[in-house]
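**Q** My structure is below; once you've seen it, I'll send some questions.
The values are calculated or read from the model by the stated rules, or taken from the named source; none is laboratory data. Here the structure is a predicted model, which means the values were calculated and not measured. Glycine also receives a Cβ, built like all others from the backbone with ideal geometry; neighbour counts cover every protein chain displayed. The protein model used for the area step is the full one, side chains on, heavy atoms only, and it has no ligands, DNA or RNA in it. Shrake-Rupley method; radii C 1.70, N 1.55, O 1.52, S 1.80 Å.
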Amino acid sequence: WKNHGKFFKRIAPADLARFQEAAALWERGKGRLPYPKSEIPLGEKTKSGLLAHHYRYWHQMFNPRQLLALSTLANAINEETDTTLKEMLISAFYSALEGNNSFCRYTSAGGNKSQGIFSRHDFQPKMTFSENNVWGTEFGHGSYKNKFELVMEGKRYLLLPYERMIVSQHGKNITKNIYHLDTIDSSREVSLYSKSSTLLNELHKNFDFIITDPPYSGNVNYSELADFFYVWLRLLLKKSYAHFTPEITPKSEEIIENPTRKKTSKDYQDGLCAVFKESHHHLDDDGLLVFTFHHAEDS
């Protein structure tokens, strides 16, 4: 009565039996299923959040039931022969990894749900963690079903793009989707490049726009955190793309302040300066350099 009819159901023998059955299935089938077997490398974030807590391999960040569900799903995705469809399925898969591991926690904030591993930008081991249904049920957050719906939403937007506009209706301001984008000039060809801003000279051309997102100094170790997803992605993509061949993401070129990798604040400053100089060199005289910077320290 104190919680208005809401309660947590205690674990029952049937619940435990289901978990034990999944664990047994995993032990019997893991030899033929894809899952990351590589060791966790030493890093600024991994040494304190993972290695210090005796996590040695990436698969140890998942319980047996999660490994069974995720590896079974990955195995089925790998059988898709249409490249576009396969990569749509993979997009949902790697997104679902964040909410289906033993580093998730239950939170009452934002609707009483399980919160993913990167609610903060580091690895935080949990004494008690929350477990979703990987596939997706009526309730839950971060399931495969939910993530695939986001992929479909992106495809729908691709086919019918729109802008949002605030309009006044009955004395109230409301947001309205505007689908007829008459102001967009589609009479000329446009080329888009996704590339490190330090390597623009390889393209031998100038640009109308350069949009870049500077890293957060020592605040967020993107490449170290990205390994959590990458070690699964490479299982499905290494035969198609050479840059998924290495066991972990590249680290040496990252512009960051990282004591473990002997990267100082000067390295960070020099790296950003190189990006802005290179961008200036390849930007048209009337072009725009656009970047966002959210670090708490102005220096």
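**Q** Restricting attention to the stretch 227-246, which residues are more than 24 Å from G43 (Cα to Cα) and open to solvent by less than 40 Å² (accessible area, probe 1.4 Å)?
**A** Residues satisfying the conditions are L236, L237.
**Q** Can you say whether H180 is part of a loop (DSSP other than H, G, I, E, B) and surrounded by 12 or more Cβ atoms within 10 Å (Cβ to Cβ), as far as the supplied structure shows?
**A** No.
**Q** Looking at (1) open to solvent by 80 Å² or more (accessible area, probe 1.4 Å); (2) β-branched (V, I, T); (3) part of a loop (DSSP other than H, G, I, E, B), which one does I211 not meet, given that it meets all the others?
**A** (3)
**Q** How many residues does the stretch 107-126 contain that are surrounded by fewer than 18 Cβ atoms within 10 Å (Cβ to Cβ), closer than 22 Å to F8 by Cβ and modelled with pLDDT under 90?
**A** Selection size over the stretch 107-126: 7.
**Q** Take the residues of the stretch 251-299 that are hydroxyl-bearing (S, T, Y), open to solvent by 60 Å² or more (accessible area, probe 1.4 Å) and over 30 Å from L51 (Cβ atoms): which is nearest to the chain's Cα centre (by Cα)?
**A** Looking at residues that are hydroxyl-bearing (S, T, Y), open to solvent by 60 Å² or more (accessible area, probe 1.4 Å) and over 30 Å from L51 (Cβ atoms), I get T292.
**Q** Further, regarding this structure: For the stretch 74-96, state whether one or more residues are open to solvent by less than 60 Å² (accessible area, probe 1.4 Å), in contact (Cβ under 8 Å) with a residue 40 or more places away in the chain and closer than 22 Å to M127 by Cα.
**A** yes
**Q** Here is a further query. Cβ contacts < 9 Å: first residue under 19 Å from N63 (Cβ atoms), restricted to the stretch 1-17; second residue open to solvent by 100 Å² or more (accessible area, probe 1.4 Å) and among the charged types (D, E, K, R), any location; separation 6+ or different chain. Result?
**A** From the stretch 1-17, the pairs are D15/K9.
**Q** With (1) touching a residue at least 40 places away in the same chain (Cβ under 8 Å); (2) open to solvent by less than 10 Å² (accessible area, probe 1.4 Å); (3) under 17 Å from the mean Cα position of the chain (by Cα); (4) under 20 Å from F139 (Cβ atoms) as the list, and C104 as the residue in question, which single condition is left unmet?
**A** (1)
**Q** Read through the list (1) at pLDDT 95 or above; (2) among the hydroxyl-bearing types (S, T, Y); (3) over 14 Å from the mean Cα position of the chain (by Cα), then give the number of the only condition that S91 fails.
**A** Failing condition for S91: (3).
**Q** On to the next question. Condition first: within 23 Å of S95 (Cα to Cα) and in contact with a Phe, Trp or Tyr (Cβ under 7 Å, 6 or more places away or on another chain). Can you find one or more residues in the stretch 144-160 that meet it?
**A** Yes, because at least one residue in the stretch 144-160 is within 23 Å of S95 (Cα to Cα) and in contact with a Phe, Trp or Tyr (Cβ under 7 Å, 6 or more places away or on another chain).
**Q** When the stretch 7-45 is examined, which residues are found to be in contact with a Leu (Cβ under 8 Å, 6 or more places away or on another chain) and charged (D, E, K, R)?
**A** K30, K45
**Q** From E297, E278, grab the single residue that is touching a helix residue (DSSP H, G or I) at 6+ places or on another chain (Cβ under 6 Å) and in contact (Cβ under 8 Å) with a residue 24 or more places away in the chain.
**A** That would be E278, the only listed residue that is touching a helix residue (DSSP H, G or I) at 6+ places or on another chain (Cβ under 6 Å) and in contact (Cβ under 8 Å) with a residue 24 or more places away in the chain.
**Q** Quick one: R188 ticks every box in (1) open to solvent by 100 Å² or more (accessible area, probe 1.4 Å); (2) at pLDDT 85 or above except a single one, so which number is it?
**A** Answer for R188: the failing condition is (2).
**Q** Turning to a different aspect of this structure: Which residue pairs have Cβ atoms under 8 Å apart, sit 6 or more places apart or on different chains, and have a first residue in the stretch 134-158 that is open to solvent by 50 Å² or more (accessible area, probe 1.4 Å) and a second that is modelled with pLDDT under 95 and hydrophobic (A, V, I, L, M, F, W, C)?
**A** K145/W135
**Q** Filter the stretch 1-55 for residues that are open to solvent by less than 100 Å² (accessible area, probe 1.4 Å) and among the charged types (D, E, K, R) and give the result. Lay out the reasoning, then the answer.
**A** First, the residues of the stretch 1-55 that are open to solvent by less than 100 Å² (accessible area, probe 1.4 Å): 3, 5, 12, 14-17, 19, 22-26, 29-31, 33-36, 38, 40-41, 43-53, 55.
Those that are open to solvent by less than 100 Å² (accessible area, probe 1.4 Å) and among the charged types (D, E, K, R): D15, K30, E44, K45, K47.
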